[in-house]
Amino acid sequence: MIIMHTHDTFKGLAEPNVPIAHARSHASLAREFLSDYCNDPTLLAVVQYHDEPFALWQQFHTRGRFSEDRLAALIENVRDWDLFLTFLVIDGSAAGKSRRPVRWFLGQLAGKVESRVTEDWLELLPEATLATRSKGTTVTWNWLRRLVGTTAACRAARDYLAARRPEWKVWTGIRSHRATEDDRTVVAVFFQIPGQPTRPARYELFAVSHDLSEVRELPGTPDSQYFIRGYK
């Protein structure tokens, strides 16, 4: 929450149209302010570089290319990618913002950094969650607690199916969360059987215990409350 309330606070005092690394940019001013109360380099890096992903996306969107050196520098400077990307997803879901830049940036990071944050996080966070500060903080905190468990459950179910059916291609870019219940999370795992292209995609349903110790297949019949209409 410190980052959320600090990162854009100094836009009114910043010098217009200066680079993010400039001493008078709103990011640098926010970092300087926070450094008076916090010496955590991880938090300070998020505040300083929080707009770099959008700047890179703007380069790509307008020119068809972006600075690979600038991306490499960002990867070098960010110490905690789970924290950085969690903030990016939340900030990118504020009212009036498109999620396209965040999706694009996550794609650029594939294979370059280690993080639990995936595109699934965007699907699980309702758009415009942060439309108001008073409600946004509470809703976002509840979402974060739920999301950590949900993402782990989705991954456990995918790993389970991939181990059982190594010849199948298991998809990771489709929304898979179906329900969070008292003792389990229900997820759908989408897949493709090589040589048998099917549209819409096939899926299987799984119940994953909250401690991830048990993954159990569920029936995917039309009378199931977890059935997804339009899929097989």
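Things worth noting here:
- Odd one out for LYS112, checked against (1) more than 30 Å from PHE227 (Cβ to Cβ); (2) part of a loop (DSSP other than H, G, I, E, B); (3) more than 12 Å from the chain's Cα centre (by Cα); (4) modelled with pLDDT under 85: (4)
- Out of LEU34, LEU74, one residue alone is closer than 30 Å to ALA152 by Cα and part of a helix (DSSP H, G or I). It is LEU74.
- Test: residue in segment 201-224 that is at pLDDT below 85, closer than 19 Å to TRP121 by Cα, touching a helix residue (DSSP H, G or I) at 6+ places or on another chain (Cβ under 9 Å) and in a loop (DSSP other than H, G, I, E, B): no
- Residue list for segment 27-44, filter: open to solvent by 30 Å² or more (accessible area, probe 1.4 Å) and either more than 26 Å from the chain's Cα centre (by Cα) or free of Cβ contacts under 8 Å to residues at least 40 places away in the same chain (or both): ARG31, GLU32, PHE33, SER35, ASP36, TYR37, ASN39, ASP40, PRO41
- Residue satisfying all of: in segment 150-186; more than 25 Å from ARG103 (Cα to Cα), assigned to a loop (DSSP other than H, G, I, E, B) and open to solvent by less than 80 Å² (accessible area, probe 1.4 Å); modelled with the highest pLDDT among these: TRP168
- Annotation note: of ASP120, ASP91, the sole residue that is surrounded by 15 or more Cβ atoms within 10 Å (Cβ to Cβ), farther than 22 Å from CYS154 by Cβ and of a type outside the set (Gly, Ala, Ser) is ASP91.
- Screening the candidates GLN59, GLN48 for the property of being within 23 Å of ARG116 (Cβ to Cβ), more than 19 Å from the chain's Cα centre (by Cα) and open to solvent by less than 30 Å² (accessible area, probe 1.4 Å) yields one hit, GLN48.
- Restricting attention to segment 37-61, the residues that are assigned to a loop (DSSP other than H, G, I, E, B), at pLDDT 85 or above and of a type outside the set (D, E, K, R) add up to 1.
The values are calculated or read from the model by the stated rules, or taken from the named source; none is laboratory data. These figures come from a predicted structure and were not determined experimentally. Neighbour counts are summed over all protein chains in view; Cβ atoms, including those assigned to glycine, are modelled from backbone coordinates with ideal geometry. Side chains included, ligands, DNA and RNA excluded: accessible areas come from the protein's heavy atoms. Shrake-Rupley method; radii C 1.70, N 1.55, O 1.52, S 1.80 Å.
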